1. Can you name every one of the helices (runs of 4 or more DSSP H) wholly within the stretch 65-153 that holds 1 or more residues which are among the basic types (K, R) and without any contact (Cβ under 8 Å) to a residue 40 or more places away in the chain?
2. I need a count of the residues in the stretch 133-153 that are more than 17 Å from the chain's Cα centre (by Cα) and surrounded by 11 or more Cβ atoms within 10 Å (Cβ to Cβ).
3. Of all residues in the stretch 107-132, count the ones that are over 20 Å from the mean Cα position of the chain (by Cα) and loosely packed, with under 15 Cβ neighbours inside 10 Å.
4. Take the stretch 44-64 and flag every residue that is part of a loop (DSSP other than H, G, I, E, B) and in contact (Cβ under 8 Å) with a residue 60 or more places away in the chain.
5. Against the conditions (1) over 30 Å from L151 (Cα atoms); (2) without any contact (Cβ under 8 Å) to a residue 40 or more places away in the chain, where does R31 fall short? Just the number, please.
6. In the stretch 94-129, which residues are of a type in the set (S, T, Y) and at pLDDT 90 or above?
7. Being surrounded by fewer than 14 Cβ atoms within 10 Å (Cβ to Cβ) and under 14 Å from P110 (Cβ atoms) is the filter here, so list the residues in the stretch 46-97 that pass it.
Amino acid sequence: MTTLPLPERAPAASRDAVAEELLAIVPRLRRRFEREFPRELREELSSVTVHQIEALHHLMAGGGMTMNELAQAQHIALSSATALADRLLRQGLAQRTSDPGDRRVVRLMPTDAAVELVQRYGLAKRRTAMRALAALDDGEAVTLLALLAKLADAPADHPLAGG
């Protein structure tokens, strides 16, 4: 296994260069993943945003949601959740239903087409990730995961955040 030395604390100029490289790599990686999706899925996803896919995933996991629940799950304002729901409804990816426990409450439910889209998207992402990870040995893959998790979970006010 080949591991690159990771300095505990790189000089600021070096961190600036690393930040620039990170910002350049992330879109390249996203494009690589998208390029490897089946053509039909790429075409279908051209009219669906990542936020819409995430919302559909939440709707599926929650068995449908109210606008307030969707806003909380997506970490967005209620007005943004309503706009998101309207787009999903127009695209035929969601439908409004009455809550069985309280007919006054409206729930947003994914359609069968949405469930199929989210499932195909998830499978395509996993296949693509497995192909990408084939470039790494097991130890490198585990290290990459740990480092990405550390970046994703680091508080914005971390002392090394710059700013």
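The values are calculated or read from the model by the stated rules, or taken from the named source; none is laboratory data. Computed from a predicted model, the values in this text were never measured in an experiment. Because the Cβ atoms are built from the backbone with ideal geometry, glycine has one as well, and the counts that use them run over all protein chains shown.
1. Numbers: elements: 67-74, 78-90, 112-133, 138-153.
Hits in the stretch 65-153: 78-90, 112-133, 138-153.
2. Applying the first criterion (more than 17 Å from the chain's Cα centre (by Cα)) to the stretch 133-153 yields 133-144, 146-147.
Restricting the remaining residues to those that are surrounded by 11 or more Cβ atoms within 10 Å (Cβ to Cβ) gives 133, 136-137, 139-144, 147.
Result for the stretch 133-153: 10.
3. Result for the stretch 107-132: 1.
4. The first filter runs over the stretch 44-64 and keeps only residues part of a loop (DSSP other than H, G, I, E, B), leaving 46-49, 63-64.
V48 - this is the single residue of the stretch 44-64 that is part of a loop (DSSP other than H, G, I, E, B) and in contact (Cβ under 8 Å) with a residue 60 or more places away in the chain.
5. With respect to (1) over 30 Å from L151 (Cα atoms); (2) without any contact (Cβ under 8 Å) to a residue 40 or more places away in the chain, R31 is out only on (1).
6. Initially, the stretch 94-129 is screened for residues of a type in the set (S, T, Y), giving 97-98, 111, 121, 128.
T97, T111, Y121, T128 - these are the residues of the stretch 94-129 that are of a type in the set (S, T, Y) and at pLDDT 90 or above.
7. A61, G63, G92, R96, T97
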